[in-house]
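Undergrad: Below is a structure I'd like to ask you about.
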Amino acid sequence: MLITGPVVEKQDILIIGGSAAGITASVSARRYYPDADILMIRKEKKVLIPCGIPYIFGTLGSPDRNLIPDTVLAKNNVELMIDEVVSIDRDNRTVETRSGKSIAYEKMVLATGSLPRVPPIPGVELDNVFAVWKDVEYLEKVLNALDEAKDLVIIGGGFIGLEFADECKKRGIANVTVIELMPHCLLLACDEEICVRVEKKLSERGIKVLVNTKVEAIVGNKKVDYVELDNGEKTKADVVILGIGVIPNVQLARDSGLEVDEKEGIYVDEFMRTSDENIFAAGDCTRKRCFFTGRPTFLRLASIGTMEARVAGANLFRLRHRSECPIGVFGTVIGDLAIGSAGMTEREAKEAGFEVVTGEAQAADKHPGSIPGTRNLAVKLVFEKDTRVLLGGQVFGSMTAGKVANFIGALIQKRMRADEIVTFQVGTHPMLTASPIAHQVENAAEIALTKP
Ligand SMILES: Cc1cc2nc3c(=O)[nH]c(=O)nc-3n(C[C@H](O)[C@H](O)[C@H](O)COP(=O)(O)OP(=O)(O)OC[C@H]3O[C@@H](n4cnc5c(N)ncnc54)[C@H](O)[C@@H]3O)c2cc1C
C-alpha cells in the first residue's frame, strides 16, 4: 500500500532506500518476521533496475522499460512511502521526512546507496555533460541529448562506460569515443590479454578507445563542444558521459552521528549493524573490506549489496547470518563477446603480494561443436602458488560467461583448492554446456594443479 497521509504509526521495521538493497532487505525481513510492520521510504516514484541503465540507450529504448515493479513490495506486505528522510533522531528512534512526517521505528535498515562520482575536470558543469544518476527524469534528458548527438565521448573505460559505448553505438550514434586513464579498458576486472580482446571487439564495433589518456578539460560555450586531452589533442563531443564510479551516499548516516567514513561508507559489523545496534545498513552505502586482503575495497555491485541486505533483513531482531567480504563477481557483454570475472586478476593478486599459478582452458560451449549456435568459451583461473587456493577467474567468449563466472565466484568464496575443484562432478548437457571431457573450469584447475 502506498502511504500518503501525515500520520504514520510506529513501524517495527523501517527501510530507507528502495533500490536493490532496500527491496532485498524488506523481502528478507518479511520472511523472517512475518508479523512485523514494514515500511519502506524511498525518494523516487519509479525505481530503475540500476544494472539495466546502459541498456536504456540502445536495446530497451526508454527508462520505463527498465523498472523494478512495486508489486514485489505489495506481494510481501511492505508499505511504501515516496519521500526523503532528512534526519534521524536515534535517541527517540524517529525519522523526519522532507514532507514533514515523523515516523517512529523499532529497527531500521539504511540502504541509501551511492551517487555518481563527478570528477573536478574544468567544464564538467557544461550542458550535455552527464553523470549516471539512477533517476528516470534525468536519464530521459540524457536520451533527448543523445537524439541530437553525432559525437559522444565517454570518460571511463570500466564496465559501465563500455556498456554505454556499446549501447549508444546500437542506437546509431556515429562517433563514440571511450577515454581511459589506465593502460587498458576493464583493467580493474580483467587481465591484460582479455582487455586486449575487449578493445579489439570495441574497435570492430566502430568504437574508438583512447587508453593512457586523461581528459584535461571539457570545453564549450554553455554546452560542451569538445574535450581536451593531456596529449594536447581535442575530441569533438556533442554529449559527454562520465562513467568513473560512485561514492557511498552517507550524508544521512553521518548527520545522525553514526560512524562513517566519507569515502568508504557507513561502518558495519559482519552482522550488518552500524554503530547503533538498532540501525543496520546494506548496499552501496556501507564500508567494505576486500575478501582476500582485508583492505578497504571500493567495489560496489548489486551482488554484494543484495547479499548484505539479506543478512541485514534476517538479523534485525535476532542474529542469524554473517556477511561475507566482497569478492567482486560480475559480467558484461560487448557486441557478441561476453566477459565474466570473479575475484582477483593475476595482476591484482601479484600486486597484493601473492605468488600465483594460473590455468587456462577453452572449449566449445555446447557439444558436439556442430550444434547450431555453438561458441567458444575460455576460462583463466588464478591460484595461490603453494596452497593452490583459488583467488580469481576470468571467462570470455560465449553468453554462458556470466553463469560460469558465478560458479567460479562460489568456488572462491568457499576457498576451494585446485585438487578439490578437479574432483567436482560437473553436470553437462550437449545443448547447455561444454563436453564433460573439455569442461573449461575443471581443465583449467587441472592444468594449474600440475604446473610446478
Ligand atoms: C549504470 C550502472 C550499471 C550497473 N551494472 C551492474 C551490474 O551489471 N551488476 C552489478 O552487480 N552491479 C551493477 N551496478 C551496481 C549496482 O547498480 C549497485 O551496486 C546497486 O544499485 C546498489 O543498490 P543500493 O540499493 O545499495 O543503492 P542505490 O541503487 O543507489 O539506491 C539507493 C536508494 O536509496 C534511496 N535514498 C537515498 N537517500 C534517501 C533518503 N534520505 N530518503 C529516502 N530514500 C533515500 C534512493 O532514492 C534509492 O532508492 C551498476 C550500477 C550502475 C550505475
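The values are calculated or read from the model by the stated rules, or taken from the named source; none is laboratory data. Everything quoted here is computed from the prediction, not taken from an experiment. Here the Cβ is made from the backbone with ideal geometry for all residues, glycine too, and neighbour counts use every protein chain on show. Only protein heavy atoms, including side chains, enter the accessible area calculation; ligands, DNA and RNA are left aside. Shrake-Rupley method; radii C 1.70, N 1.55, O 1.52, S 1.80 Å.
Undergrad: Once fully extended, how much extra length lies between ALA104 and LYS214, figured as 0.36 nm per residue of separation less the alpha-carbon to alpha-carbon distance?
TA: Here the answer is 34.7 nm.
Undergrad: Of the heavy-atom accessible surface of region 242-319 (probe 1.4 angstrom), what whole percent is carbon and sulfur?
TA: Carbon and sulfur atoms account for 47 percent of the accessible area of region 242-319.
Undergrad: Enter the mean projected area of the convex hull around the alpha-carbon atoms of the chain, in nm², rounded to one decimal.
TA: 23.2 nm²
Undergrad: Below 15 Å, Cα to Cα, which aspartates and glutamates can LYS134 reach? Residues fewer than 8 away in the same chain don't count.
TA: Correct list for LYS134: GLU44, ASP64, ASP284.
Undergrad: At 1.4 Å probe size, put SER62, SER303 in order of accessible surface, largest to smallest.
TA: SER303, SER62
Undergrad: Grab the Cα-Cα distance for ASP386 and GLU233, subtract it from 0.36 nm times how many residues apart they are, and report the gain in nm with one decimal.
TA: Using 0.36 nm per residue and subtracting the Cα-Cα distance, I get 50.3 nm.
Undergrad: Compare the Cα positions of VAL250, GLY392, ALA418 along the charge dipole of the chain (+1 at Cβ of Lys, Arg; -1 at Cβ of Asp, Glu; about the Cα centre) and return the one farthest towards the positive end.
TA: Final value for the positive-end residue is ALA418.
Undergrad: On to the next question. In whole angstrom, how far apart do the alpha carbon centroids of region 297-311 and region 155-171 sit?
TA: 23 Å
Undergrad: Could you give me the radius of gyration and the Dmax of region 1-134, taking only the C-alpha atoms into account and expressing both in angstrom?
TA: Looking at region 1-134, its Cα Rg and Dmax stand at 16.9, 54 Å.
Undergrad: Among the aspartates and glutamates, select those whose C-alpha is under 16 Å from the C-alpha of LYS385, and discard any that sit fewer than 8 residues away in the same chain.
TA: List returned: GLU346, GLU348, GLU351, GLU355, GLU360, ASP419, GLU420, GLU446.
Undergrad: Also: How much solvent-accessible surface does GLU384 expose, in Å² to the nearest 10, with a 1.4 Å probe and all protein chains in place?
TA: 30 Å²
Undergrad: Over 18 Å between C-alpha atoms is what I'm after, so list which of LYS150/LYS170; LYS170/LYS201; LYS10/LYS75 land there.
TA: LYS10/LYS75
Undergrad: No solvent, one uniform scatterer per C-alpha: report log10 I(q)/I(0) for region 351-439 via the Debye equation at q = 0.16, 0.25 1/Å, two decimals.
TA: -0.65, -1.30
Undergrad: How big is the dipole moment of the chain about its Cα centre under a simple scheme where the beta carbon of each Lys and Arg is +1, that of each Asp and Glu is -1, and everything else is neutral? Debye, nearest 20, please.
TA: In total the dipole reaches around 780 debye.
Undergrad: Over region 359-452, what is the mean sequence separation of C-alpha contacts under 8 Å (at least six apart), divided by residue count, expressed as relative contact order in percent?
TA: Rounded, it is 37 percent for region 359-452.
Undergrad: Quote the charge dipole size of region 6-133 about the Cα centre in Debye, to the nearest 20; the model charges only the Cβ of Lys and Arg (+1) and of Asp and Glu (-1).
TA: 300 debye
Undergrad: Further, regarding this structure: Normalise the Debye intensity by I(0) for region 198-294, one equal point scatterer per Cα, no solvent, then take log10 at q = 0.22 Å⁻¹ and round to two decimals.
TA: Ignoring solvent entirely, the Cα scatterers give -1.04.
Undergrad: Could I ask something else about it? Counting only the heavy atoms of the protein chains, how much of LYS201 is accessible to a 1.4 Å probe, in Å² to the nearest 10?
TA: Its accessible surface works out to 40 Å², give or take rounding.
Undergrad: Counting only DSSP beta bridges with both residues in the chain, what percent are antiparallel, rounded to the nearest 5?
TA: 60 percent
Undergrad: Binning at 10 angstrom from zero up to the longest distance, how are the C-alpha pair distances of region 355-406 distributed in percent?
TA: P(r) for region 355-406, in whole percents per bin: 25, 42, 24, 8, 1.
Undergrad: Let me have the relative contact order for region 186-230, percent, based on Cα pairs under 8 Å that are six or more residues apart.
TA: RCO, region 186-230: 23 percent.
Undergrad: Given charges of +1 on the Cβ of Lys and Arg and -1 on the Cβ of Asp and Glu, with all other atoms neutral, how large is the dipole of region 82-151 about its Cα centre, in debye to the nearest 20?
TA: About 380 debye.
Undergrad: Separate question: I need the peptides 369-376, 125-132, 150-157 ranked by packing, meaning the mean over residues of other C-beta atoms within 10 angstrom, with the highest value on top.
TA: Ranked by mean Cβ neighbours within 10 Å, highest first: 150-157, 125-132, 369-376.
Undergrad: Report the per residue volume, in Å³, of the convex hull enclosing the C-alpha atoms of region 148-246.
TA: Enclosed volume per residue, from the Cα hull, is 95 Å³.
Undergrad: Counting only protein heavy atoms and using a 1.4 Å probe, what share of the accessible area of region 120-230 belongs to carbon plus sulfur, as a whole percent?
TA: Here it works out to 51 percent.
Undergrad: I would also like to ask the following. Enumerate the calculated ³J(HN,Hα) couplings along region 433-447 in order (Karplus 6.51 cos²θ - 1.76 cosθ + 1.60, θ = phi - 60°), each rounded to whole Hz, writing x wherever the residue is Gly or Pro.
TA: For region 433-447, the Karplus curve yields 9, 5, 4, x, 6, 10, 3, 5, 5, 4, 5, 5, 5, 5, 4 Hz.
Undergrad: Compute and list, largest first, the equivalent-ellipsoid semi-axes of region 305-376 from the alpha carbon gyration tensor, each √(5λ) rounded to a whole angstrom.
TA: Ellipsoid semi-axes (Å, largest first): 34, 22, 12.
Undergrad: Computed over the Cα atoms of region 255-336, what is the ratio Rg over Rh, Rh following Kirkwood?
TA: My calculation puts Rg/Rh at 1.02.
Undergrad: Hey, another quick one. Return the long-range amide H neighbours of VAL268 (sequence gap of 5 or more, or a different chain), with a cut-off of under 5 Å between placed amide H atoms.
TA: ARG287
Undergrad: From Cα pairs below 8 angstrom and at least 6 apart in sequence, can you work out the relative contact order of the chain, rounded to a whole percent?
TA: With pairs under 8 Å counted, the relative contact order is 13 percent.
Undergrad: Let me ask something else about it. How far apart, in nm, are the 7 Å Cα→Cβ label points at GLU277 and MET431?
TA: So the label points at GLU277 and MET431 sit 5.5 nm apart.
Undergrad: Can you give me the accessible area per residue for the chain, using a 1.4 Å probe, in Å²?
TA: Accessible surface, normalised per residue, equals 45 Å².
Undergrad: How much of the accessible area of region 1-101, in percent, comes from carbon and sulfur atoms when a 1.4 Å probe is used?
TA: 51 percent
Undergrad: Please report how far the C-alpha centroid of region 50-79 lies from that of region 400-422, rounded to the nearest whole angstrom.
TA: Centre-to-centre (Cα) distance: 30 Å.
Undergrad: Sticking with this one: Taking 0.36 nm per residue of sequence separation and subtracting the Cα-Cα distance, how much length would be gained by fully extending the chain between GLU270 and GLU351, in nm to one decimal?
TA: Between GLU270 and GLU351, full extension yields 26.5 nm more.
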